[in-house]
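Note sheet for the following structure.
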Amino acid sequence: MFKHQQTQIFIETPYRNMGFVETTVNVLSPDMLFCIAADLTLPTEYVRTLAVRDWRKEQVPDLHKHPAVFLVGR
């Protein structure tokens, strides 16, 4: 997947964000970086990047029906 060391960018339908995050965090390798960027340009903007191992311990904010972009890289 990362043969060329490129970050992969995903956009999901907002009502499926929480399922996408849950699946992604459970499937990816623990050393991968995963970024959640939601509500960009709004007062409620949220941008956070952690290793997948740390996301597994982190409380993910409620992203249901919020526009979000997800990034995966090494």
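Just so it is clear, none of the values below were taken in a lab; they were calculated from the coordinates. Only a predicted model underlies this, so the values are computations on that prediction, with no experimental measurement involved. Neighbour counts are summed over all protein chains in view; Cβ atoms, including those assigned to glycine, are modelled from backbone coordinates with ideal geometry.
By how many nm would the segment from Leu50 to Gln8 lengthen if fully extended, with 0.36 nm per residue of separation less the alpha-carbon distance? Walk me through the numbers before you get to the answer.
Values: separation 42, 0.36 × 42 = 15.12 nm, distance 1.49 nm.
Difference between extended and current length: 13.6 nm.
Once you list every other residue whose beta carbon is under 14 Å from the beta carbon of Leu71, what net charge do they have if Lys and Arg are +1 and Asp and Glu are -1?
Details: positive: Arg48, Arg74; negative: Glu12.
So the environment of Leu71 carries a net charge of +1.
With each label modelled as a point 7 angstrom along the Cα→C-beta vector, the His64-Thr23 pair spans 1.8 nm.
Calculated [222 nm] ellipticity per residue, helices only, for the chain: -5500 deg cm²/dmol; basis is -39500 (n - 2.57) per DSSP H run with n ≥ 4, divided by all residues, nearest 500.
For the chain, the longest principal axis of the Cα atoms and the long axis of helix 17-27 meet at an angle of about 20 degrees.
Against the compact-protein benchmark of 2.2 N^0.38 Å, the Cα-based radius of gyration of segment 1-46 scales to 1.31.
Rg then Dmax, both in Å and based on the Cα atoms of segment 8-73: 10.9, 32.
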